[in-house]
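Worksheet: the structure to be examined is printed underneath.
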Amino acid sequence: MPTERTTADFIIVGGGIAGASAGYELSRLGRVVLLERESQPGYHTTGRSSAIFQTSFQKADPLIHALVRASEAFLRRPPRDFTGHSLLKPRPLLYIATPEEQPCLDELYRKLSAINVAADFVDEAAAVRLLPVLAPAYRQRALYEEGLADIDVNALHDGYLRAIKAAGGRVITRAEVTALSRSQSRWHVTSTRGDFAAPVVINAAGAWVDQLAGLAGLAPINIQPLRRTVIMMSPPEDIVRGDETAAGNLFRPPLEQWPLVMAAKQGFYFKPDSGKILMTPGDERLCPPSDARPEEIDIAYAAHYLQQATSLKVDKIDHSWAGLRNYVADRHPVVGFDPEGPGFFWLAGQGGFGIKTAPALGRVTAALVAGHGLPDDMTRLGLREEQISVRRIK
């Protein structure tokens, strides 16, 4: 294959939701080239996400709350030409706890109240109406939160990528970066699909961000890829269908109307997904950047927790997979220019919140690259640049 030499205003390395959202916003400022090492963008983390729009993510972390709030308008009302259908589907949340774990619910309630997220305690009768299969050990009292929604990850990701191309940018797959250097105010990127040059490189390489920085001769941010396991199982048909009285009043809700269910202390959660139940044990196992695969022990934990929290029996697992959630030490994103590398921009550490914060972090990236500071709506929500800057780490 002949060597390809291309110049652009911005080179983005990484085609997951972070790189795609940044490319979408940067396309308004100049020409974007997005390089993805895999055969399809979003192969590793984005494509394996069971994303939920949730302003109270990470136990009501105020910074994440601000970023999700700043993403809400886009997710609820995307531009007319962005996608042909809604990106969100309402899905309430039920936090559960055993009698001994009730203090965890109280603490969570205080944290939600501190960021003005409405939640209400529900008694046993209400909890069982919401989730008839809830095990007796978790029925004493639960915490109910509305305003959440399933996110159509594919539609969001595809919308970003299509917009980049429509603006004259390029999305190039199987383009692993093998060398990175700077001269004459440009970054020169060598990849398996050709050579590229631009004044600004956006490091959105997920679990590989430190490796990319190393190619540029820059210090790492010590990214921690944490493996998360997910299983899917088919419940009995009567669970999927639910029951209704002769009068038409819902007696037992069908599976699709179940809430997202999270264990306040143990960290596992499950929810309906395409007629099946999606379940994760909430595992976070440190592993090297890789094509993550689930381990049998974590699959077993997922099945165990589902049986522990419900009356369901997991006789067969239809499908299982794993993905990487990439964090730095304080579990906040890293967004901004490297202090030692002019034009080298970090967009990293989105952990388990990258999908729900993508619209906000894409706008933050474009604003900081343009030298404008944080968007006004985000500063009004309490976000400060030093909270996300790479300088807090280096």
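Sum up the lysine pairs in the chain that clear both bars: alpha-carbon distance under 19 Å and a spacing of 8 or more or different chains.
Qualifying lysine pairs in the chain: 13.
Tell me which residues come under 5 Å, amide H to amide H, from G194 once H is placed; ignore anything under 5 positions away on its chain.
Residues meeting the criterion, in which the H sits 1.01 Å from N, are E4.
No solvent, one uniform scatterer per C-alpha: report log10 I(q)/I(0) for segment 309-386 via the Debye equation at q = 0.13, 0.23, 0.24 1/Å, two decimals.
Debye output, listed in q order: -0.54, -1.19, -1.26.
I'd like the trypsin sites (Lys or Arg not before Pro) in segment 267-334 restricted to DSSP loop residues with at most 11 other Cβ atoms within 10 Å, sorted by number.
K316
Given q = 0.08, 0.15 Å⁻¹, what are the Debye log10 I(q)/I(0) values for the chain, with equal point scatterers placed on the Cα positions and solvent ignored?
-0.44, -1.35
Strictly greater than 18 Å: what percent of every Cα pair in segment 102-196 meets that?
When all Cα pairs of segment 102-196 are counted, 71 percent exceed 18 Å.
When the helix-only estimate is applied to the chain (DSSP H runs of n ≥ 4, each -39,500 (n - 2.57), divided by the residue count), what is the mean residue ellipticity at 222 nm, nearest 500 deg cm²/dmol?
My calculation for the chain gives -8000 deg cm²/dmol from helical runs alone.
Just to check, using Stokes-Einstein with a Kirkwood Rh over alpha carbon pairs, what's the diffusion coefficient of segment 1-141 at 37 °C and 0.692 mPa s in µm²/s?
174
Would you work out the relative contact order for the chain, in percent, from Cα pairs under 8 angstrom that are 6 or more residues apart?
RCO, the chain: 23 percent.
If you average 1/r over all unlike Cα pairs in segment 265-394 and invert the result, what Kirkwood radius do you get in angstrom?
Averaging 1/r across every pair of different Cα atoms and inverting gives 17.5 Å.
Please report, in whole Å, how far the alpha carbons of segment 183-262 spread along each principal axis, starting with the longest.
Ordered largest first, segment 183-262 gives principal extents of 77, 23, 20 Å.
Read-outs throughout are calculated quantities, based only on the coordinates presented, and are distinct from any laboratory measurement. Being a predicted model, the structure only gives us computed values, none of them experimental. Using ideal geometry, Cβ is built from the backbone for each residue, glycine included, and neighbour counts are taken over all protein chains shown.
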